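The values are calculated or read from the model by the stated rules, or taken from the named source; none is laboratory data. What you see is a predicted model, and the numbers here were worked out from it, not measured in a lab. Cβ coordinates were reconstructed from backbone atoms using ideal geometry, including for glycine residues, and neighbour counts include every protein chain displayed. The accessibility values were calculated without ligands, DNA or RNA, using every heavy atom of the protein model including side chains. Shrake-Rupley method; radii C 1.70, N 1.55, O 1.52, S 1.80 Å.
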Amino acid sequence: MKNLKKMVACSLACAALFAVNVNSSEAAYALNPEVTTATTALKNASQIGVMVNENKALANKANKDAIVVMSFGTTYKENRDKTITQTVADIQAAHPGVKVVTAFTSHIIIDRIKANEGITYPTPEEALEQLKKEGYTRVALTTLDVIPGMEYSYDVAVFHQYKNDFKKMTMGTSLMYWMGQEEQRDDIIETMNAFATQFPKTGKEDAVLILEHGTPHPANAYYTVMQNRLNQLGYDNAYIYTVEGWPSLETIIPQLKAKGIKNVTLMPMMMVAGDHANNDMAGDEPDSHKSILKAEGFNVNTYIHGLGENKAIRG
């Protein structure tokens, strides 16, 4: 299994920015060379995978490099320190001498952290405006998103909004992006293999329920592919479910009963074990997943750790 470098070293986005050799078959998608009159819209639509933009008008500017690490963020300080802060520290260690900025995409979380902790995190837009003022010319955007859903769409929109403000800008992919199509790598099976290193030992009556966020974005379909890869790896008693999408817990419970499952372990598959993990999944309220499963007759254990704590994920 390859080490998953996306979260630790910005992966191909940083490699592309700093002119390191990048295997294009694992980085991006290229238009058919017969297309000689591609419009801007067509170019943008076909630019998937690692995105790279070079502004030739700024080509003579000296290189001054920065990395912006984008995350939804969390108000759970202890978990934030173990996941987001630690991952950013790993990225900084991998790129000494390069400025690394943490930016949160949730304005609500930014406001709450500022009010409760006195710490101000910038939005990605604010981070890039500041880097431009400080004279940075090459910027790598990297994301801590798990799948390319709505949050990742926001990140991509930021890339397109600011890409021509810098000499060079790159944008990396979410943790899971490619799934083996057209000779690309399979991020999903690699990620599920790494994630499974934290599974408890299970017998025929035991199951692991993996909490995902869920999204109205079509990328919600990634969860079906993730379930497929778990089954492919032999984890037949591991189930993906979501808090705000499909499949829901109510979708999974009948499957557990049909297989005679009696004991379940709940664990989040999110960058940070924040509000969804601590309250929706493992809270003591009657409508928490733990409480619902107990009411259905299951014995329930919880594993409240974010992906950022999993060394196999961080690389």
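Restricting the calculation to alpha carbons of segment 9-171 gives Rg and Dmax of 16.3, 56 angstrom. Against the criterion of solvent-accessible heavy-atom surface with a 1.4 angstrom probe, Glu134, Glu205, Glu78 sort, most first, into Glu78, Glu205, Glu134. Full extension of the chain between Thr85 and Thr36 yields a length gain of 13.2 nm, computed as 0.36 nm times the residue separation minus the alpha carbon distance. In the chain, the calculated helix contribution to ellipticity at 222 nm averages -9000 deg cm²/dmol per residue, counting -39,500 (n - 2.57) for every DSSP H run with n ≥ 4.
In the full protein context, the chain carries 47 Å² of accessible surface per residue, based on a 1.4 Å probe and ignoring ligands, DNA and RNA.
Listed by chain and number, the aspartates and glutamates placed with their C-alpha closer than 15 angstrom to that of Lys163 are Glu54, Asp65, Glu125, Glu126, Glu129, Asp155; residues fewer than eight positions away on the same chain are left out. Between Lys259 and Lys77, the contour length at 0.36 nm per residue exceeds the alpha carbon distance by 61.6 nm. Only protein heavy atoms count here; on that basis, with a 1.4 Å probe, Ile108 has an accessible area of about 100 Å². Largest first, the residues Val101, Val208 sort by 1.4 Å accessible area into Val101, Val208.
Would you mind telling me the share, in percent, of accessible area of the chain contributed by carbon and sulfur at probe 1.4 angstrom?
50
What is segment 187-313 by shape, rounded, prolate or oblate, if you read a ≥ b ≥ c off the alpha carbon gyration tensor as root eigenvalues and call it rounded for a/c under 1.5, prolate for a/b larger than b/c, and oblate otherwise?
Verdict is rounded for segment 187-313.
Where does the charge balance sit around Phe72 when Lys and Arg score +1, Asp and Glu -1, over other residues with C-beta under 9 Å from its C-beta? For residues surrounding Phe72, the net value is -2.
Full extension of the chain segment joining Tyr29 with Gln130 gains 33.3 nm, where the gain is 0.36 nm per residue of separation less the Cα-Cα distance. With the cut-off at 18 Å, report for segment 161-210 the share of all Cα pairs above it, as a whole percent. More than 18 Å apart: 58 percent of the Cα pairs in segment 161-210.
Per-residue SASA remark: Leu17, around 0 Å² accessible (1.4 Å probe; ligands, DNA and RNA not included). Using the Cβ-Cβ distance between Asn116 and Glu244 with R0 set to 30 Å, the FRET efficiency works out to roughly 0.80. Would you mind counting up the charge near Arg229? Only other residues with Cβ under 11 Å from its Cβ, with Lys and Arg at +1 and Asp and Glu at -1. That works out to -3.
Largest first, the extents of the alpha carbon coordinates of the chain on the three principal axes equal 68, 52, 31 Å.
Which pairs break 22 Å Cα to Cα here: Lys82/Lys133; Lys64/Lys133; Lys43/Lys133; Lys77/Lys294; Lys114/Lys290?
Listed pairs above 22 Å: Lys82/Lys133; Lys43/Lys133; Lys77/Lys294; Lys114/Lys290.
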